Amino acid sequence: MRQGTTLIFFLAVLLTANAQYTDTGGWLGLGVDQKVNKDWNWSLKWENRWSMGGTWHDRGFVNAGVGYRLNKTWLAAAQLRWIERQRYLGAYESGRRFAFRLDGKAKSGQGEWKWRLMTTKAWKSMAFNEGASISENLVQRFRLGYARELFDRWTLVPSYEFFAKDIESGSVDWSTRVQVQLKHEINQQLSTSFAYVWSDEWQTSDPWSEHVIRFNINWRLPDFKIRKRKQSAPVARVYSAEGNRWSPPRQTFGQCVIDQLYLSEVHPKGKPSDFIELRSMSSVPCDLRDFSLTDDLNEEGLVFGTTILPPGGCWLGYEGGKESFSFGISAGGEIIYLKLSSDEFRFWEVNSEDDKRSVSFDSSGNQKASVPSPGRSESSESED
């Protein structure tokens with residue numbers, strides 16, 4: 001975190017220039033998004049921006065976007081923006097902007113680097129009726145930020161971004177933006193963010209800088225699911241080391257140790273649905289409470305309540321089953337995480353070429369194809 005913050009601050013200071021005038025303002029946004037499946041998502045965002053100390057409504061816009069996750073690191077997205085901007089005589093003029101971007105992320109230290117490559121193209125450029133010169137042609141943007149969770153559900157994200165504007169004219173205008181954002185996840189659906197934004201544009205004939213307070217609210221809809229007529233997924237169960245259904249005695253047990261837990265079997269094409277088998281290597285019963293099972297470190301996934309595992313026993317859950325996980329499992333390179341906190345987790349990569357076979361893991365993480373054997377410690381048939 002310290003290295004990330006230092007780098008962003010250094011770049012901001014390095015590129016700071018004296019502006020002809022300085023403005024202040026506020027931005028207020030409201031967004032909604034939803035996952036369609038494991039790869040596709042859509043989003044809508046409405047935002048209003050004020051300048052001149054908050055006394056002038058500069059613009060309002062709506063963004064409609066669709067995104068596709070290329071892999072665990074990269075996400076590609078396309079976005080269309082409808083803009084209404086107030087001109088100097090008080091009238092509003094409309095405009096449109098198309099954007100394509102690539103978002104990336106990589107875990108580093110106690111946080112995560114985030115970056116964005118973005119190209120935008122505007123048409124029906126606004127305000128030419130009043131003789132104003134506004135460069136809203138082809139724009140290239142690059143953003144680099146570092147996100148670190150300060151404490152539960154509170155994340156600090158400082159970032160630095162530069163813009164190369166009016167590229168088509170042959171005379172590029174450069175500008176920068178520094179943002180310090182504090183995000184808070186109220187629950188799995190609702191999140192808010194509060195940020196300070198400093199912008200600087202110094203290569204135009206009228207250089208300026210701006211200080212902005214930004215507030216956003218975002219609502220994440222439940223994942224989109226197509227209802228299919230299929231057999232209901234079984235309820236999650238606990239099995240003993242011998243493969244028998246197991247019920248714990250009525251007493252309190254200590255929490256499981258993450259290094260003594262591992263995925264012993266995963267079936268990406270299981271019947272009636274995908275299943276995961278989580279096994280304990282402990283010699284005594286232990287409790288899975290507060291552990292979570294997910295396919296995305298940024299999502300909570302399934303958070304276990306009091307769930308006692310016997311020595312050598314396992315928890316068996318089916319996708320969509322009661323007290324089980326809801327995410328689907330891909331056969332090609334799916335990563336499943338077992339985490340206790342943001343910086344304490346284990347993961348397993350699932351690779352399966354045969355829909356009729358599951359993937360079995362040993363305690364060291366080695367995997368092999370096997371005949372599905374949910375709840376049993378060893379498959380009767382397997383192959384390396």
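For region 289-305, the tally of residues that are touching a Ser or Thr at 6+ places or on another chain (Cβ under 8 Å) and of a type in the set (Phe, Trp, Tyr) stands at 1. The number of residues in region 312-325 that are touching an Asp or Glu at 6+ places or on another chain (Cβ under 7 Å) and surrounded by fewer than 22 Cβ atoms within 10 Å (Cβ to Cβ) comes to 1.
All of 330, 247, 282, 326 fail the test of being in a loop (DSSP other than H, G, I, E, B) and over 25 Å from residue 368 (Cα atoms), apart from 247.
For region 81-97, the count of residues that are part of a strand (DSSP E or B), closer than 25 Å to residue 160 by Cα and of a type in the set (Gly, Ala, Ser) is zero. Take the conditions (1) loosely packed, with under 15 Cβ neighbours inside 10 Å; (2) modelled with pLDDT of 95 or more; (3) under 24 Å from residue 112 (Cβ atoms); (4) of a type outside the set (A, V, I, L, M); residue 45 misses just one of them, which is (1). Candidates are the residues of region 158-178 that are surrounded by fewer than 20 Cβ atoms within 10 Å (Cβ to Cβ) and polar (S, T, N, Q); the one that is modelled with the highest pLDDT is 171. When restricted to residues that are under 26 Å from residue 110 (Cβ atoms) and touching a strand residue (DSSP E or B) at 6+ places or on another chain (Cβ under 6 Å), region 157-188 contains 14. Checking each residue in region 98-123 for being of a type in the set (Gly, Ala, Ser) and either assigned to a strand (DSSP E or B) or surrounded by 15 or more Cβ atoms within 10 Å (Cβ to Cβ) (or both) picks out 99, 104, 106, 108, 111, 122.
Flag set for residue 364, criterion: more than 28 Å from the chain's Cα centre (by Cα), in a loop (DSSP other than H, G, I, E, B) and at pLDDT 85 or above. Across region 139-157, the number of residues qualifying as among the hydrophobic types (A, V, I, L, M, F, W, C), under 15 Å from the mean Cα position of the chain (by Cα) and surrounded by fewer than 18 Cβ atoms within 10 Å (Cβ to Cβ) comes to 2. Among all residues of region 363-383, there is at least one that is more than 24 Å from residue 282 (Cβ to Cβ) and among the hydrophobic types (A, V, I, L, M, F, W, C). For region 300-311, the set of residues classified as assigned to a loop (DSSP other than H, G, I, E, B), surrounded by 16 or more Cβ atoms within 10 Å (Cβ to Cβ) and in contact (Cβ under 8 Å) with a residue 40 or more places away in the chain consists of 307, 310, listed by residue number. Pairs meeting the criteria (first residue in region 182-193 and crowded, with 17+ Cβ neighbours inside 10 Å, second residue assigned to a loop (DSSP other than H, G, I, E, B), beta carbons under 6 Å, at least 6 apart or on different chains) are 185/153.
The values are calculated or read from the model by the stated rules, or taken from the named source; none is laboratory data. Please read all numbers here as calculations on a predicted model, not as lab measurements. Cβ sites come from the backbone with ideal geometry, for glycine too, and all protein chains shown count toward neighbours.
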